[in-house]
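The values are calculated or read from the model by the stated rules, or taken from the named source; none is laboratory data. Just so you know, these numbers come straight off a predicted model, no measurement behind them. In this analysis, Cβ positions are derived from the backbone assuming ideal geometry, glycine residues included, and neighbour counts consider all displayed protein chains.
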């Protein structure tokens, strides 16, 4: 955690996140719940900063027409946000997410299926929940949208006006928040503290920037610490 804290101070958010996750696993295995709760604070902050960088980058809502290994797409939009859609699968979204973390890139990934006037979103791993959101504006779909005024000499990203870029980003952020809310709502309040902790950890595997999920997990860890001290 000393290394993770130093990484956070130097704004190396990927290194901070990786260190926190390693420490979190150690604390959980040792049932050191007070330490576990404290580790969640820099983890949440590193993920918040990663998301802020990503939403200021390139966005793509829908992957129709994209060829090749999903990992190869990272050269086109990191940092940025992407919604993976059929003919690509959840496994492609998970592969893209994992590769971005491995390469320490600020990239956010969602998975959705278009259904008429709405898109159905589901985590690519974690809880079996779904949310429906109104379909994004057709002008935003299946194209790379770069930040307004951001030149792209390689020509791999369409650069659009402020309104188009901000609208697509807002759709992505709202969809991610709704998915996290659904994951949180899926947890049964009647189960034990250990079961709640496990369920929250699983939720964060699929929606890892959701603020309240982190906070609820911290509350659960502190409750476990009190229960085991009693």
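For residue 200, which of the numbered conditions (1) touching a residue at least 24 places away in the same chain (Cβ under 8 Å); (2) surrounded by 20 or more Cβ atoms within 10 Å (Cβ to Cβ); (3) closer than 16 Å to residue 129 by Cβ fails to hold?
(1)
If the requirement is being in contact with a helix residue (DSSP H, G or I) (Cβ under 7 Å, 6 or more places away or on another chain), modelled with pLDDT under 95 and either in the same structural domain as residue 74 (by TED's automatic domain parsing) or closer than 30 Å to residue 11 by Cβ (or both), which of these qualifies: 126, 116, 163?
After ruling out the rest, the residue left standing is 126.
Filter the stretch 16-31 for residues that are under 15 Å from residue 198 (Cα atoms) and touching a helix residue (DSSP H, G or I) at 6+ places or on another chain (Cβ under 8 Å) and give the result.
Listed by number, the residues that qualify are 21, 24, 27, 28, 31.
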